[in-house]
Every structure is written in C-alpha cells, then in structure tokens.
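See structure below.
The values are calculated or read from the model by the stated rules, or taken from the named source; none is laboratory data. Quick caveat, the model's predicted, so the values are computed rather than measured. Glycine also receives a Cβ, built like all others from the backbone with ideal geometry; neighbour counts cover every protein chain displayed.
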Amino acid sequence: MNWHRHLELVPHYLANLVLVLLAVGALRRVAGDPGTPVELAAVVAVVLAYPSVVRRLGVAPSAWEDPG
C-alpha cells in the first residue's frame with residue numbers, strides 16, 4: 001500500500017467535507033428547513049461535482065489520474 005498516495009487525498013477529502021457542510025449550511029440559511037431529501041441532494045451534488053471542478057482547476061491529485 002502506497003501511503004503517500006493516500007495521504008495526497010486527505011486534503012481533498014477534507015475540502016469536500018467542508019464544501020458539503022457549507023452547502024448544507026447555506027441551504028438551511030436560505031430555505032429554512034428544506035428537509036432531508038433536499039439536503040441529501042445538495043450533498044450528492046457537491047460530492048459528484050467536486051472531482052470535475054478540481055480537475056478543471058488543475059489541482060487534482062495524481063492518485064486520480066494514475067490508476068496504478
């Protein structure tokens with residue numbers, strides 16, 4: 001197991017978590033209590049969009065680019 005490869009992903013997991021928390025917090029601030037399905041949809045949207053945005057910005061970890 002290549003620990004450096006896994007450690008490279010830690011900042012991205014943390015950034016993803018922070019973005020999810022910010023998105024849900026903003027949603028609650030704007031819409032009050034939108035309900036669990038709406039919050040879940042926001043979480044899924046952020047989590048699925050994150051890799052594409054990171055790749056487009058050019059800061060994707062090499063672990064995502066190199067499968068081996």
message: So for segment 58-65 (the condition being in contact with a helix residue (DSSP H, G or I) (Cβ under 8 Å, 6 or more places away or on another chain) and assigned to a loop (DSSP other than H, G, I, E, B)), does at least one residue qualify?
response: yes
- line: For segment 1-26, pairs from a residue that is more than 21 Å from Arg55 (Cα to Cα) to a residue that is of a type outside the set (Asp, Glu), with Cβ under 8 Å and 6 or more apart or across chains, are Val24/Ala42; Val24/Val43
- request: Looking only at segment 10-24, decide whether some residue is polar (S, T, N, Q) and modelled with pLDDT of 95 or more.
  value: yes
field: Within segment 19-51, considering residues that are exposed (fewer than 11 other Cβ atoms within 10 Å of the Cβ) and aliphatic (A, V, I, L, M), the one nearest to Trp64 (Cα to Cα)
entry: Leu48
task: Give the residues of segment 1-47 that are within 21 Å of Ser62 (Cα to Cα) and over 9 Å from the mean Cα position of the chain (by Cα), sorted by residue number.
output: Met1, Asn2, Trp3, His4, Arg5, His6, Leu7, Glu8, Leu9, Val10, Pro11
